[in-house]
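Asks: Attaching a single structure in structure tokens format; questions to follow.
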Amino acid sequence: VRLTELNPRWVGKGGEGVFRTNAQGELEPAPRREGVGIIMACPCRGADCPSLYVPFDRPLDGGPPIDAHNWTRTGDTFETLSLTPSIQRIGGCGWHGFITNGEVIKA
Ligand SMILES: [Zn+2]
């Protein structure tokens with residue numbers, strides 16, 4: 001299935017009204033980030049399956065990753081996106097597969 005058929009959206013974080021805790025334990029405004037990951041309908045197409053979120057090592061905005069565990073991203077569009085390594089859901093449907101050049105392929 002093409003990634004574009006799974007209602008994909010880029011994930012943003014932070015921005016106006018969003019705060020984070022700094023190294024001193026104080027709240028500070030969290031800078032707006034764009035394209036830190038992708039969220040899509042689960043490729044299993046199960047009606048009850050929650051959306052799937054995958055964070056990137058190289059967010060689209062050029063900033064550092066925000067999650068500790070990330071997938072290596074190439075491609076800047078839903079049509080060309082590739083992520084490595086493979087993606088596996090823990091629990092739930094347990095879907096396991098690949099996103100390569102915008103194509104979602106079950107392992
Ligand atoms: Zn699923």
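The values are calculated or read from the model by the stated rules, or taken from the named source; none is laboratory data. What you see is a predicted model, and the numbers here were worked out from it, not measured in a lab. All Cβ positions, even for glycine, are placed from backbone atoms using ideal geometry, and neighbour counts span all protein chains on display. SASA here: full protein model, heavy atoms, side chains in, ligands and nucleic acids out. Shrake-Rupley method; radii C 1.70, N 1.55, O 1.52, S 1.80 Å.
Asks: Which FRET efficiency, nearest 0.05, do Ala68 and Arg2 yield, Cβ-Cβ r, R0 30 Å?
Replies: Computed FRET efficiency for Ala68 and Arg2 comes out at 0.50.
Asks: Work out the length of the dipole vector of the chain about its Cα centre, built from +1 on the beta-carbon of each Lys and Arg and -1 on the beta-carbon of each Asp and Glu, and round it to the nearest 20 debye.
Replies: Roughly 260 debye for the chain.
Asks: Go through the range 41-47 residue by residue and turn each phi into a ³J(HN,Hα) via Karplus (6.51, -1.76, 1.60, θ = phi - 60°); whole Hz please, and just put x for glycine and proline.
Replies: Going residue by residue, I get 4, 4, x, 5, 6, x, 5 Hz, with x marking Gly and Pro.
Asks: Using 0.36 nm times the number of residues separating Trp10 and Glu34, minus their current alpha carbon distance, what extension gain do you get?
Replies: Stretched out fully, the Trp10 to Glu34 stretch lengthens by 7.9 nm.
Asks: May I pose another question? For Val36, Val18, what's the largest-to-smallest order of accessible area, 1.4 Å probe? Present the calculation step by step, with values, prior to reporting the outcome.
Replies: Values: Val36 0, Val18 60 Å².
Descending order: Val18, Val36.
Asks: Would you mind telling me the share, in percent, of accessible area of the range 43-97 contributed by carbon and sulfur at probe 1.4 angstrom?
Replies: 55
Asks: Further question: Take every DSSP beta bridge whose two residues both sit in the chain, then give the antiparallel share in percent to the nearest 5.
Replies: Among the beta bridges of the chain, antiparallel pairing accounts for roughly 95 percent.
Asks: Further, regarding this structure: Which GluC sites (Glu not before Pro) in the range 1-84 sit in a loop by DSSP (not H, G, I, E or B) and have at most 14 other Cβ atoms within 10 Å of their own Cβ?
Replies: Counting only loop positions with at most 14 other Cβ atoms within 10 Å, the GluC sites (Glu not before Pro) in the range 1-84 are Glu16, Glu26, Glu79.
Asks: Per q in 0.16, 0.20, 0.22 1/Å, what log10 I(q)/I(0) does a Debye calculation on the alpha-carbon atoms of the chain return?
Replies: Log-scaled intensity ratios, in q order: -0.73, -1.02, -1.16.
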